[in-house]
Amino acid sequence: MDDANTDVIQGTLDMLILKTLSLGPMHGFGIARRIEQISQGVFKINPGSLLTALQRLERGGWLDGEWCVTENSRRAKVYKLTRAGKRQLNDQTVDWSRRVSAISRLLKTEA
Amino acid sequence: MSIWRQLSRGLRTLTNRRLADQDVADEVESYLAQAAEELEANGMSPDEARRTVRLQLGNATIVREQVRSYGWENVVSACVSDLRYAARRLRYNPGFTAVCVLTLAVGIGANSAIFSVINGILLKPLPYHNPDELIDLLHTAPGVKFPDANPAPFLYFTYREQGRTFQSVGLYAQTSGQVRGLAEPEEAQYLGVTAEILPMLGVEPELGRWFSEKDDTPGSPPTMVLMQGWWEKRFGGDRSVIGRQVTVDGTSRQIIGVMPARFRFLDTNPAFLIPMQFDRNKAILGEFGIPGMARLKPGATIEQASADITRMIPIALHSFPPSPGLTVKVFEDVRLAPKLRSLKQLLVGDIGKTLWVLMGTLGFVLLIACANVANLLLVRAEGRHHELAIRAALGASRRHIVRELLTESVVLGLLGGALGLGLAYGALRILVAMAPAQLPRLHEISIDPAVVVFTFAAAMLAGVSFGAIPAIRYAGARTSTALRSGGRTSSQSRERHRANNALVVVQVALALVLLIGSGLMIRTFQTLRLVDPGFDPKDALTMRITIPPTAVKDPEAVMRLEQGILENIRAIPGVTSAGITTVVPTEASTGARQVYARDKVYRSVPPLRRLKFISPGLLTSMRNRLIAGRDFTWSDTYERHPVAMVSENLARELWGDPRSGIGKQINANPKDLWREVIGVVQDEREDGVQLEAPAVAYYPLLMDDFDGQKFGVMRSVSYIVRSNRVGSRSLISDVQHAALSVSATLPLGTVRTLQEIYDKSFARAAFTLVMLAIAGAMALLIGLVGIYGVISYSVSRRLREIGIRTALGARPQEVARLFVARGLVLALIGVGCGLAGAVALTRLLVSLLFNVSPLDPLTYTAASLGLLIAAVFATFMPTLRAMGIDPIEALRVE
């Protein structure tokens, strides 16, 4: 398993973050954890890329970030989806499924 | 993603960098802490948890750097830090920085200055309403060999009434006359205009109003509009002048308006304007020579206007009576045709060519300056080779290093540009103060936004281009070789040599082209000075006087008055001779008439010739040589003998040999009295030395029956005074006094020397010469510094080698030969390229040269030899140092 590629598929990190946040507000580490759990360890999140992506999404107006105190009384920046973010997630999901089904059709026809 | 949001967030980050950094740092910290906490919860010790997190996720600093580098604001701050770094490096190297900045400042400043001149003269629109619609109503008359003919009142009336392409048409003429009714009488320059002229230019008066159609109608009360300068000078800017009466040439005129300070009428500087009041009922064919302008209808072209005028000329010729004694056929034979051009063209003339040549020249200087700075930067980058290699090894990207090197050179460029702009400002102040003749629109030359943008662009371009050479060369340095060779290079790489050498060759070649260019101008100037103008401009004064009919009516009395003044002037101590003429060389002439010879048969109109009315003794005081025959006498003048003189070229044209002209008969109009040619005068280049002498007919000042006029006298004349006291104030006041003692009420024109007027005709050549010489000198100097720098650097790099050679027994001369030979080879290659370039480029100079071939062998040889000698000299100085090297010292270096 060590040699397996655990990079997030290029260009999908934003969508994964948006999707994760659509389940509820969360801080950076929480998002990473959640993605790793749900993907059952297929994707490992690099904190540098994640935090950069969060900056980018916030700058784009799809997320709102706010410093809060977590359950174990630690300061963390908690992000939640904005309305524009929800729309963006919807668009990206539709686009993604269209492309995935196209790819899988292509892969199937070969066999 | 909204741009606004990007911008505002970015700005917030930029303005409060620390807070933004803290935010990122906190978030990274909290992320890593949570990861560690999770591991601890799974049973790890806190220390172990932290180490594991660091191993798996990377250390906090690296993560922070990665997150921080997001956003446009980070590009900005990276640039800022690059700038700060470049500034620091430049500050620690003041000598290098000063040399580079100065070199660039001279190069860029020279270009900014010439660009502001070009911008002010050629590029800026004229300061009138919709200036592109304004045209100069120039005509041509090939039938009488008059390439440039100004319109006449009958044409003005025709175009005004029947033109299809004009919004309006007007005439104007500059004259001088005497003004009374103020503190003291004054001979003033003023402008006559038709009513259309001021509205056509569209500059509103500051006080009062423009001329109305009615003011311009004959019989209406005479009016005048003041120009700002004269209003301030004579009325102290009094706003209640409107309505006051001033007497101009005996006519009392009411002031109806004052023009604003920004209004200039072309390049003239009149005191005031008056309406011309042409009478349509009295207009006749003829009376040419009154300049006109027109405003085209929107969208109409000069071609359409020309077609329109070509259509109207025959109509005009049949709508007005011909001048007395002439037929319509005579005017048809003139073959009048339009030669329209934009008003700007009229104003700017052919100065454009000179200016573009200068711009190109100074562009070369900038190129040479850039080559020089590139060379210095190369040398410096060579010194940093080691450092750059280490940085590359430590992970600096190629892009990063290129950006840093370029930032440094762009900073140099911009510093040079800023200083250059200052130099340009100073140079323009000097230029405007010197006010070289024939530079039109001088008052519109200034450092305006266009010039600043130009300078900035030139500085950026220069910075990037000379910075690119070292950047390309060193950014990709192969780390391992650079590090291995360490600091102890015994000699330079062949590759580096090649770049330095190429730059030096380019410098030498460009400098040679400029030297040859200025050499050709020097030769032109020499040739011009050697031309015999046909008169002697040294030690002579001139002063103009007008006697209006209101002052003295009888022509003979006018002649007596003029002669009285002349005798008074001749009596002044130190005056050797004096005379009266209507034409002062290189000043506007009084006009032209045909010359008919009695022994010729004319089937069509002969060409127009210049006219000159002179007193006895004028030829002596001008030092015009009499080729044959005799001068006029006072009895010729007062008894009105039918006599005339002709210029040598006119006599040769009419009768073959100048001497055979004596005794022939001529007149200006076949209906006039025939006049006997009593003298033939040497040709005089009265339009300026570089132009062929015109054919001239000389007549006495007082005559019967000339050109349809029964009895007439020249009322506006110039005195020519030859004296060894020219230049002294006392002579000028003596001359003025001589005039005033005859008639105290006569206003006097300014007294000037002939030399001053004559020198004006050299002005264009002198201006070009000085500018080219400055450019050539700068190029030579910068080029020599370039050669010097390269050789002296190569000496310093090869100290060890020289030391070894000397230790092994090489004699100083052999060491010297090593370097001098290299300098000479470079200079020779440069001279070769330069000669080829000069052959190609000096062709552009042809229109500025006078009797000098653009391939003048003398100039080419002298410039090449001079440059080679200077180059050897520049090589020799660092070589001396190499010769004096002590081998032991040299081997110990580094």
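Quick notes on this structure:
- Each Lys and Arg Cβ is given +1 and each Asp and Glu Cβ -1; about its Cα centre, segment B:53-143 then shows a dipole of about 920 debye.
- Ranked by the mean number of other Cβ atoms within 10 Å of their residues, highest first, the peptides B:782-793, B:107-118 come out as B:107-118, B:782-793.
- Label sites at residue B:323 and residue B:741, each approximated as a point 7 angstrom past Cα along Cα to Cβ, lie 4.0 nm apart.
- Candidates per GluC sites (Glu not before Pro) in segment B:331-438, loop by DSSP, up to 12 other Cβ within 10 Å: none
- DSSP assigns beta bridges within the protein assembly as shown; of those with both partners inside it, close to 80 percent run antiparallel.
- Shielding by partners for peptide A:42-54, expressed as the average number of C-beta atoms from other protein chains within 10 Å of each residue's C-beta, is 5.
- Which listed pairs, of B:612/B:664; B:145/B:600; B:124/B:214; B:124/B:339; A:44/A:86, have C-alpha distances above 27 Å, in listed order: B:124/B:214
- Rounded tilt (10° steps) of A:13-22 against the dominant C-alpha axis of chain A: 60
- Within the protein assembly as shown, helix-based [θ] at 222 nm, where runs of 4 or more DSSP H residues each add -39,500 (n - 2.57), nearest 500: -17500 deg cm²/dmol
- Coil-residue trypsin sites (Lys or Arg not before Pro) of segment B:666-722, DSSP, other Cβ within 10 Å capped at 14: B:671
- The Cα atoms of segment B:132-235 give a gyration tensor whose axes a ≥ b ≥ c have a/c of 1.5 or more with a/b greater than b/c, which makes the shape prolate.
- Grouping the Cα pair distances of segment B:45-113 into 5 Å bins from zero gives a pair-distance distribution of 3, 13, 10, 11, 11, 11, 9, 9, 7, 5, 4, 3, 3, 1, 0 percent in increasing distance order.
- Tail weight of P(r) past 50 Å, computed on alpha-carbon pairs of the protein assembly as shown, percent: 50
- Global form of segment A:68-111, assessed from the alpha-carbon gyration tensor, a/c cut-off 1.5: oblate
- Here is the size of segment B:530-663 from its Cα atoms: Rg then Dmax, 16.7, 54 Å.
- Scaling against 2.2 N^0.38 Å puts the C-alpha radius of gyration of segment B:306-356 at 1.67.
- Crossing angle, helix B:555-571 versus chain B [Cα axis fit, 0-90 degrees, rounded to tens]: 60
- Taking the C-alpha atoms only, the angle from helix B:17-41 to the longest principal axis of chain B is near 20 degrees.
- All Cα pairs of chain B, percent lying beyond 46 Å: 48
- When you restrict to C-alpha pairs under 8 Å that are six or more residues apart and normalise by the size of chain A, the relative contact order lands at 27 percent.
- Mean projected area in nm² (Cα convex hull; one quarter of hull surface) for segment B:240-308: 8.2
- Look at B:833, B:79 and count the other Cβ atoms within 10 Å of each Cβ; fewest to most, that gives B:79, B:833.
- For the segment A:71-78, counting C-beta atoms of other chains within 10 Å of every residue's C-beta and taking the mean gives 3.
- Aspartates and glutamates whose Cα lies under 20 Å from that of residue B:671, excluding same-chain neighbours fewer than 8 positions away: B:287, B:332, B:333, B:599, B:704, B:705, B:707
- Over all Cα atoms in segment B:1-151, the spread is summed up by Rg and Dmax: 33.3, 116 Å.
- Ratio Rg/Rh [Cα only; Rh per Kirkwood] for segment B:215-353: 1.04
- Shielding score for B:37-47, defined as the mean number of other chain Cβ atoms within 10 Å: 1
- Only Cα pairs under 8 Å and 6+ residues apart enter the sum, and on that basis the relative contact order of chain B stands at 14 percent.
- DSSP bridge orientation in segment B:553-710 - percent antiparallel, rounded to nearest 5: 60
- Prolate/oblate/rounded label for segment B:656-751 (Cα gyration tensor, a/c 1.5): oblate
Since every read-out is calculated from the coordinates, none of them should be taken as a lab result. Note that the structure is predicted; figures quoted are calculated from it, not measured. Positions of Cβ are backbone-derived with ideal geometry, glycine not excepted, and every protein chain shown enters the neighbour counts.
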